[in-house]
Structure formats: structure tokens, C-alpha cells
Amino acid sequence: MPIPVDRAMKMVEAAHTKAEQLGIAVTAAVTDEGGRLIAVGRMDKARPLSLDIAVNKAYTAASFQQ
């Protein structure tokens, strides 16, 4: 079942909230079950390369149905 865009954005926001609690800056990405990007968010001070890493991790997780 596909993830609606509004729910994907809430998932990104939840990841950012948790990262703030931990005192870190992250980039969070959400893909559909086929690995296609639905939403991505990069926090201030997150490393620029973290964008590519987050998208690739989300794609890999979808590929392994995780």
C-alpha cells in the first residue's frame, strides 16, 4: 500500500523531532515500496552528503522490504 505524501512528511518531521532530542542533525527520506522517493527533509547543519545517503538507505530498505 502506497504511503500518502502527507503521512510521509509527518514521518520526516518525526525523525527530525527525535534527532533534535538527541542533539543531532539528520536528513530523513521516505520512499514507496518500489524505492521511489516520496519525501525528504534535511535539517539545518546536517551534512550535505547526508541527502544522498538518506535517499540510498531508504531505497535499500524498500528493496529488502524493511
Between Ala25, Ala54, Ala14, which gets the highest mean-square fluctuation from a Gaussian network model of the chain, Cα cutoff 10 Å?
Ala14
When the distances between all Cα atoms of the chain are binned every 5 Å from zero, what whole-number percent does each bin get?
4, 20, 26, 26, 16, 7, 1
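Which of the GluC sites (Glu not before Pro) found in the chain are loop residues per DSSP with 13 or fewer other Cβ atoms within 10 Å of their Cβ?
Values: sites: Glu13, Glu20, Glu33; in loops: Glu33.
Passing both the DSSP loop test and the Cβ count: Glu33.
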What figure, in Å² to the nearest 10, do you get for the accessible area of Ile24 with a 1.4 Å probe and non-protein molecules left out?
90 Å²
Carbon/sulfur fraction of accessible area - the chain, other protein chains in place, 1.4 Å, %:
57 percent
Label Val5 and Asn56 with points 7 Å out from Cα along Cα→Cβ: what is the distance between them in nm?
2.8 nm
Solvent-accessible area per residue, Å², over the chain with all protein chains present [probe radius 1.4 Å]:
75 Å²
With every protein chain in place, what's the accessible area of Asp44 (1.4 Å probe, Å², nearest 10)?
140 Å²
Taking a cut-off of 20 Å between Cα atoms, list the lysines near Lys45, but don't count ones fewer than 8 places away on the same chain.
Lys18, Lys57
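The values are calculated or read from the model by the stated rules, or taken from the named source; none is laboratory data. Note that the coordinates shown come from a computational prediction; the quantities given were computed from them, not determined experimentally. Backbone-built Cβ (ideal geometry, glycine too); neighbour counts: all protein chains shown. In case anyone asks, the SASA skips ligands and DNA or RNA and just uses the protein heavy atoms, side chains included. Shrake-Rupley method; radii C 1.70, N 1.55, O 1.52, S 1.80 Å.
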